Amino acid sequence: MKNSKALVLFSGGQDSTTCLFWAIKNFEKVETITFDYGQRHKTEINCAANISKDLGVPNKILDMSLLNQIAPNALTRSELEIKSENGELPNTFVDGRNLLFISFSSILAKQKNINNIITGICETDYSGYPDCRDIFTKSLNVTLNLSMDYNFIIHTPLMWLDKADTWKLADELGAFDYVKEKTLTCYNGIIADGCGKCPACELRKNGLDRYLLKRKGENIDEFRK
């Protein structure tokens with residue numbers, strides 16, 4: 001998109017890094033914004049900054065420590081064990097996180113004359129977080145436009161993709177190895193394959209395994225032609 005600018009909500013994880021590569025492909029100028037909200041895996045902030053620098057993209061780190069004060073959860077309190085009860089939201093859900101992150105991103109975007117805001121949220125392979133739903137994003141998009149009288153467009157390129165499809169998208173963008181080796185998804189702050197035990201690592205690995213099997217099958221079919 002000629003003369004277009006985009007701001008990517010960026011954690012340095014699999015999803016947001018895939019979105020960053022997608023943004024770099026589709027927009028002329030791209031910046032990232034990373035939030036410090038007292039997360040237990042502080043490595044996330046450094047990872048996001050390093051990836052942004054590596055890809056030549058300006059990165060802004062915004063202090064959101066207030067969120068930790070008013071919404072304690074397993075992502076911000078190391079003394080809490082990460083768990084998910086059947087039928088209930090995991091205790092890694094942070095009330096208002098995406099609402100605040102996208103809202104503050106839009107404020108920064110307007111100051112920089114940026115209309116396009118990109119976030120990696122999706123409601124296909126997710127933990128039931130209400131602020132990852134498509135209806136939430138569309139509703140907030142309207143609210144932000146009305147609140148600032150500005151034409152924001154919230155892009156959610158992963159909204160209807162499961163984790164296997166997200167790996168496929170990264171591969172199509174030429175970023176498969178980079179995402180696999182450089183990103184941080186693990187709740188325990190371990191880059192790449194992670195701890196292999198937390199819910200985020202399990203979701204990531206299951207998606208990767210499904211995609212690799214599918215890719216292997218497609219390669220075999222192509223070879224047989």
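So in the stretch 106-150, with the set limited to residues that are of a type in the set (Ser, Thr, Tyr) and at pLDDT 95 or above, which one is nearest to residue 19 (Cα to Cα)? Within the stretch 106-150, the match that is nearest to residue 19 (Cα to Cα) is 119. For residue 33, the requirement of being farther than 12 Å from residue 184 by Cβ and open to solvent by less than 10 Å² (accessible area, probe 1.4 Å) is met. For the residues 152, 176, the requirement of being buried (at least 18 other Cβ atoms within 10 Å of the Cβ) and under 20 Å from residue 6 (Cα atoms) singles out 152. Please tell me if residue 134 is loosely packed, with under 15 Cβ neighbours inside 10 Å and touching an Asp or Glu at 6+ places or on another chain (Cβ under 9 Å). It is true that residue 134 is loosely packed, with under 15 Cβ neighbours inside 10 Å and touching an Asp or Glu at 6+ places or on another chain (Cβ under 9 Å).
Just so you know, in the stretch 191-211 the residues that are touching a residue at least 24 places away in the same chain (Cβ under 8 Å) and open to solvent by 30 Å² or more (accessible area, probe 1.4 Å) include one that is farthest from residue 161 (Cα to Cα), and it is 191. Taken as a whole, the condition of being out of contact with any strand residue (DSSP E or B) (no Cβ under 6 Å at 6 or more places or on another chain) and under 27 Å from residue 24 (Cβ atoms) applies to residue 214. Highlighted here are the strands (runs of 3 or more DSSP E) found entirely within the stretch 1-67 that include at least 1 residues which are free of Cβ contacts under 8 Å to residues at least 60 places away in the same chain: 29-36, 59-63. Filtering 56, 12 for residues that are at pLDDT 80 or above, under 24 Å from residue 190 (Cβ atoms) and either touching a Gly at 6+ places or on another chain (Cβ under 9 Å) or not aliphatic (A, V, I, L, M) (or both) leaves a single hit, 12.
The values are calculated or read from the model by the stated rules, or taken from the named source; none is laboratory data. All values derive from a computational prediction rather than experimental measurement. Every residue, glycine as well, gets a Cβ built from its backbone with ideal geometry; the counts of neighbours run over all protein chains shown. For accessibility, only protein heavy atoms count, side chains too; no ligands or nucleic acids. Shrake-Rupley method; radii C 1.70, N 1.55, O 1.52, S 1.80 Å.
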